[in-house]
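One structure is given below, encoded as structure tokens.
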Amino acid sequence: MSRYHEVYRSWQQDPERFWAEAAAEIDWYSPWDRVFDAEAGVYGRWFPGATCNTCFNAVDRHVEGGRKDQPALVYDSPISGRKKSFTYGELKDEVTALAAVLKDFGVGRGDRVVIYMPMVPEAVFAMLACARIGAVHSVVFGGFAARELAARIDDAAPRAIISASCGLEPGRIVPYKPLLDEAIRLSSAKPENCLILQREEQGCDLVQGRDHDYARMVQAARAAGLAVPCEPVLATDPLYILYTSGTTGRPKGVVRDNGGHMVRLKWSMFNEFGIEPGETFWAASDVGWVVGHSYIVYAPLLHGCTTVLFEGKPVGTPDAGVFWRVIAEHGVAALFTAPTAFRAIRTADPDAEMMAGHDLSRFRTLFLAGERADPDTVKWAEKTLGVPVIDHWWQTETGAPISQDPVGLGMLPVKYGSPGVPMPGYDVQVLDDAGHPVPAGTLGNVVVKLPLPPGALPTLWNDDRRFREAYLSEFPGYYKTADAGMLDEDGYLFIMARTDDIINVAGHRLSTGGMEEVVAEHPAVAECAVIGIADQLKGQVPCGFVVLHGRAGADMSTVERELVAMVRERIGPVAAFKKVVPVKRLPKTRSGKILRATMQKIADHQEWAMPATIDDPAILDEISEALDKSGK
Ligand code: COA
Ligand code: AMP
């Protein structure tokens, strides 16, 4: 029998008592004035007045509490052929030495540090070193290009940047340093110091006076024996800013606080993921995404687990058996990844022949999130692995699952296509466009009744107004998730699509609006619309419809090549923008709004209805023809 309903009810009856009990699992320097202050911040703040330190709870307290010699971080990099393990004691040494270097740079409590790193242990050390001294980290995913990095540097105004000479992608080395230099050139906020990890595969030049060699600086700090204690910060102080795609090219700086975040993540490890301290947890994501922040770094370490940092891909590094090898070799109890990864493995090895010879006996559960988990993939994974496969739904903004089948509380009956039931803290409702609740089983806007629980974003960095406008104003009293979906009569959620222009490409969240801004800059393009179209592997991929200037006389294949290159260069390879369809005109409403949703249905061969407000219905036929002609 699952305890879910009983636990959810206990949260509903007294949320403050519920979270105060959960907070007892965290070490605080001083207690909160009250559990929740509804008057503080935009919609209230959790644990105001309390002081704590996230690095202490993730590292030091385990060293003091008997886990000094337990592996904390296992780095497994099939792409470089390297493996290395760090105990909690070693992790503390690495983090402390790096914290000393940052302090030496003058970085202190509240200062921002941008981290632009590949999946190497130093990225984790960097996050924890910031947490240790009360600095606010902002990790930028390595697949973003210089301009995206520059936008984040401008907004966060970091005192220092930690980066590396290069990243490794299958078959190519990605030099990070030129991207970093270009981003700093483009941004108006200039960091005083950059700490650069020189990787063996390819080094880089350092700018005199600004850049410092990571290994040398850390070595010097260690030799000096500098002890850097954990700095007490307020529970409500920011731990990090993580930029995520918004509806324009300008990313939103999601703020995470220290106290509520620790409470929520620690609670999730057993209750939701069914993991005990000491076990090995593997989130095959990237530290540049929220999944990496929460479930590669903070949650497993707060819980005293061993976490796996994997630098590779589910296929091609070297093959589709690498996930099974990592699970077996490190005794992984639970894996968390995006459905795309399993689609890729299944395509390469449909009968999972590469599982042979790997001992998966300690593996108990597979968790999927980041995009809709199609039932076909879920069933294949269940059959192949012989363990429960749990789809769960969340967002960068929430930092932890909004809904799932909570393994630790006891599993509920599985409904394929549903990412489970709302977790404590989340009163999820479905409203129509006018803000009225819809009956069970009816599609609508998925919203969360305020306040949001501990761990969810209190606001956007330096932008309460945008936070209100983007999330709170459309449905007063609720947080708008911008997902469309429904709740069934048993309280299970179904998440169907975004209500804004965000698309999900291989579990990566991207703004088509941001891509349109880039495409529109091409001199031959008069008008454009970028939409997400269905893709068997990546879930969705972007597709740009472009109207060329009549007089331009541009050769379409040249324009197409240039557009693909522009998006890659401005946003980054992760955008996977590779499809361009030339059209004579774009379908619009009489008031001039482009009918993107209808175009998407046509492209995906779904049923569609003629929008009543369409200006010229003939254009939709032109869109179908253009798609057929371009073979997309
Ligand atoms: N630095 C530089 N470039 C990067 C990068 C990084 N950190 N991460 C990705 N890229 C590049 C890739 O090399 C690729 O470039 P290409 O167009 O030259 O091939 C592009 O960005 C797209 O990357 P990716 O989405 O990884 O696609 P892929 O085709 O290389 O691999 C999968 C396909 C399915 C193997 C891959 O998408 C995957 O592992 N998905 C799992 C999803 C996941 O981890 N999601 C995180 C949220 S939980
Ligand atoms: P991100 O902020 O990158 O985590 O992306 C969040 C978005 O991804 C959500 O708003 C959803 O649109 C989508 N998403 C995440 N998990 C799921 C899931 N399990 N099912 C359906 N959509 C999901």
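The values are calculated or read from the model by the stated rules, or taken from the named source; none is laboratory data. Note that the coordinates shown come from a computational prediction; the quantities given were computed from them, not determined experimentally. Virtual Cβ from ideal backbone geometry, glycine too; neighbours counted across all protein chains shown. Note: areas computed on protein heavy atoms with side chains; ligands, DNA, RNA excluded. Shrake-Rupley method; radii C 1.70, N 1.55, O 1.52, S 1.80 Å.
Within the stretch 20-34, work out how many residues are touching a Lys or Arg at 6+ places or on another chain (Cβ under 8 Å), within 19 Å of Val233 (Cβ to Cβ) and open to solvent by less than 30 Å² (accessible area, probe 1.4 Å). Spell out how you get there, then give the answer.
Looking only at the stretch 20-34, we keep the residues that are touching a Lys or Arg at 6+ places or on another chain (Cβ under 8 Å), and these are 22, 25-27.
Narrowing the set further to residues that are within 19 Å of Val233 (Cβ to Cβ) leaves 25-27.
Adding the requirement that they be open to solvent by less than 30 Å² (accessible area, probe 1.4 Å) leaves 26.
Result for the stretch 20-34: 1.
If you check Val74, Val59, which single one turns out to be assigned to a helix (DSSP H, G or I), closer than 24 Å to Leu309 by Cβ and in the same structural domain as Ala131 (by TED's automatic domain parsing)?
Details: Val74 fails: assigned to a helix (DSSP H, G or I).
Testing whether each residue is assigned to a helix (DSSP H, G or I), closer than 24 Å to Leu309 by Cβ and in the same structural domain as Ala131 (by TED's automatic domain parsing) leaves just Val59.
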Practice task
Give the number of residues within the stretch 593-609 that are open to solvent by less than 40 Å² (accessible area, probe 1.4 Å) and in a helix (DSSP H, G or I).
Solution key: 4
Exercise for the section: Among residues belonging to the stretch 277-296 that are touching a His at 6+ places or on another chain (Cβ under 8 Å) and open to solvent by 10 Å² or more (accessible area, probe 1.4 Å), point out the one that is farthest from ligand 1 (Cβ to nearest atom). Expected result: Pro277
Practice task
Filter the stretch 610-627 for residues that are closer than 21 Å to Asp501 by Cβ and either open to solvent by less than 80 Å² (accessible area, probe 1.4 Å) or of a type in the set (Gly, Ala, Ser) (or both) and give the result.
Solution key: Pro611, Thr613, Ile614, Ile619, Leu620, Ile623, Ala626, Leu627
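Quick check on my filter: what residues within the stretch 33-56 are outside any loop (DSSP other than H, G, I, E, B) and not acidic (Asp, Glu)?
Phe36, Arg45, Trp46, Thr51, Cys52, Thr54, Cys55, Phe56, listed by residue number.
Regarding Val35, is this residue among the aliphatic types (A, V, I, L, M) and free of Cβ contacts under 8 Å to residues at least 40 places away in the same chain?
Values: among the aliphatic types (A, V, I, L, M): yes; free of Cβ contacts under 8 Å to residues at least 40 places away in the same chain: yes.
Yes.
To keep it simple, each residue is scored yes or no on (1) closer than 20 Å to Ala97 by Cβ; (2) polar (S, T, N, Q).
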| residue | (1), (2) |
| --- | --- |
| Arg147 | no, no |
| Ala151 | no, no |
| Gly167 | no, no |
| Lys177 | no, no |
| Leu180 | no, no |
| Ser187 | no, yes |
| Leu197 | yes, no |
| Arg210 | no, no |
| Ala215 | yes, no |
Fill in the blank from the handout: Considering residues that are more than 13 Å from ligand 2 (Cβ to nearest atom) and over 22 Å from Gly292 (Cα atoms), the number found within the stretch 358-380 is 8
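Check every one of the strands (runs of 3 or more DSSP E) wholly within the stretch 473-516 and list those with 2 or more residues that are within 16 Å of ligand 1 (Cβ to nearest atom).
Numbers: elements: 478-487, 493-498, 502-505, 508-511.
Ranges flagged: 493-498, 502-505, 508-511.
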Practice task
From (1) more than 21 Å from the chain's Cα centre (by Cα); (2) in a loop (DSSP other than H, G, I, E, B), pick out the condition that doesn't hold for Asp376.
Solution key: (2)
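Filter the stretch 122-162 down to the residues that are out of contact with any helix residue (DSSP H, G or I) (no Cβ under 8 Å at 6 or more places or on another chain), of a type outside the set (Lys, Arg) and not in a helix (DSSP H, G or I) and list them by number. Step through it out loud before you land on a result.
Filtering the stretch 122-162 down to residues out of contact with any helix residue (DSSP H, G or I) (no Cβ under 8 Å at 6 or more places or on another chain) leaves 123, 134, 142, 151-152, 154-159.
From what's left, of a type outside the set (Lys, Arg): 123, 134, 142, 151, 154-158.
Those that are out of contact with any helix residue (DSSP H, G or I) (no Cβ under 8 Å at 6 or more places or on another chain), of a type outside the set (Lys, Arg) and not in a helix (DSSP H, G or I): Gly134, Gly142, Ala157, Pro158.
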Handout entry: Failed condition for Arg147, given (1) out of contact with any Leu (no Cβ under 8 Å at 6 or more places or on another chain); (2) modelled with pLDDT under 95
Key = (1)
Problem - Odd one out for Val95, checked against (1) more than 23 Å from Lys190 (Cβ to Cβ); (2) in contact (Cβ under 8 Å) with a residue 60 or more places away in the chain - result: (2)
Handout entry: Residue check for Leu510: within 12 Å of ligand 2 (Cβ to nearest atom), open to solvent by less than 40 Å² (accessible area, probe 1.4 Å) and closer than 19 Å to Lys252 by Cβ
Key = yes
Handout entry: Residues satisfying the stated conditions in the stretch 391-406, i.e. open to solvent by less than 10 Å² (accessible area, probe 1.4 Å) and more than 13 Å from ligand 1 (Cβ to nearest atom)
Key = Glu397, Thr398, Gly399, Ala400, Ile402, Ser403, Gln404, Pro406
Completion exercise
For the stretch 406-417, pairs from a residue that is in contact (Cβ under 8 Å) with a residue 24 or more places away in the chain to a residue that is polar (S, T, N, Q), with Cβ under 7 Å and 6 or more apart or across chains, are Pro406/Asn271; Val407/Thr365; Gly408/Asn271; Leu409/Ser2; Leu409/Asn271; Gly410/Ser2; Met411/Ser2; Leu412/Ser2
Fill in the blank from the handout: All conditions in (1) within 13 Å of ligand 2 (Cβ to nearest atom); (2) in contact with a Gly (Cβ under 6 Å, 6 or more places away or on another chain); (3) outside the structural domain of Ala156 (by TED's automatic domain parsing) are true of Trp461 except (1)
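For the stretch 517-532, name all the residues that are part of a strand (DSSP E or B) and either open to solvent by 10 Å² or more (accessible area, probe 1.4 Å) or more than 16 Å from ligand 1 (Cβ to nearest atom) (or both). Even if it seems obvious, please write down each step before you answer.
Looking only at the stretch 517-532, we keep the residues that are part of a strand (DSSP E or B), and these are 525-532.
Passing the criteria: Val525, Ala526, Glu527, Cys528, Ala529, Val530, Ile531.
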Exercise for the section: Working only within the stretch 11-26, note down all residues that are free of Cβ contacts under 8 Å to residues at least 40 places away in the same chain and either in a helix (DSSP H, G or I) or farther than 18 Å from Ser268 by Cβ (or both). Expected result: Gln13, Asp14, Glu16, Arg17, Ala20, Glu21
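Condition first: outside any loop (DSSP other than H, G, I, E, B) and among the β-branched types (Val, Ile, Thr). Now tell me which residues in the stretch 396-433 satisfy that.
Residues of the stretch 396-433 that are outside any loop (DSSP other than H, G, I, E, B), as a first pass: 403-404, 421-422, 428-431.
Once the filter is applied, which keeps residues that are outside any loop (DSSP other than H, G, I, E, B) and among the β-branched types (Val, Ile, Thr), the stretch 396-433 yields Val421, Val428, Val430.
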Fill in the blank from the handout: The lone condition Lys313 fails out of (1) within 16 Å of ligand 2 (Cβ to nearest atom); (2) basic (Lys, Arg); (3) touching a residue at least 60 places away in the same chain (Cβ under 8 Å) is (1)
Fill in the blank from the handout: Taking the stretch 430-469 and keeping only residues that are among the small types (Gly, Ala, Ser) and either at positive phi or touching a strand residue (DSSP E or B) at 6+ places or on another chain (Cβ under 7 Å) (or both), one is left with Gly435, Ala440, Gly441, Gly444, Gly455
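Of the residues Pro339, Pro388, which is surrounded by fewer than 21 Cβ atoms within 10 Å (Cβ to Cβ) and within 16 Å of ligand 2 (Cβ to nearest atom)?
On the way: Pro339 fails: surrounded by fewer than 21 Cβ atoms within 10 Å (Cβ to Cβ).
Of Pro339, Pro388, the one residue that is surrounded by fewer than 21 Cβ atoms within 10 Å (Cβ to Cβ) and within 16 Å of ligand 2 (Cβ to nearest atom) is Pro388.
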Problem - the stretch 405-429: number of residues that are touching a strand residue (DSSP E or B) at 6+ places or on another chain (Cβ under 7 Å), farther than 10 Å from Ile390 by Cα and of a type outside the set (Ser, Thr, Tyr) - result: 8
Practice task
Answer yes if at least one residue in the stretch 202-217 is touching a residue at least 40 places away in the same chain (Cβ under 8 Å), open to solvent by less than 40 Å² (accessible area, probe 1.4 Å) and either at positive phi or part of a helix (DSSP H, G or I) (or both), and no otherwise.
Solution key: yes
Handout entry: Per-region count, the stretch 263-300, residues within 22 Å of Ile241 (Cβ to Cβ), out of contact with any Leu (no Cβ under 8 Å at 6 or more places or on another chain) and more than 16 Å from ligand 2 (Cβ to nearest atom)
Key = 2
Handout entry: Residues located in the stretch 407-426, provided they are farther than 20 Å from Ala333 by Cβ, buried (at least 18 other Cβ atoms within 10 Å of the Cβ) and of a type outside the set (A, V, I, L, M, F, W, C)
Key = Ser418, Pro419, Pro422, Pro424, Gly425, Tyr426
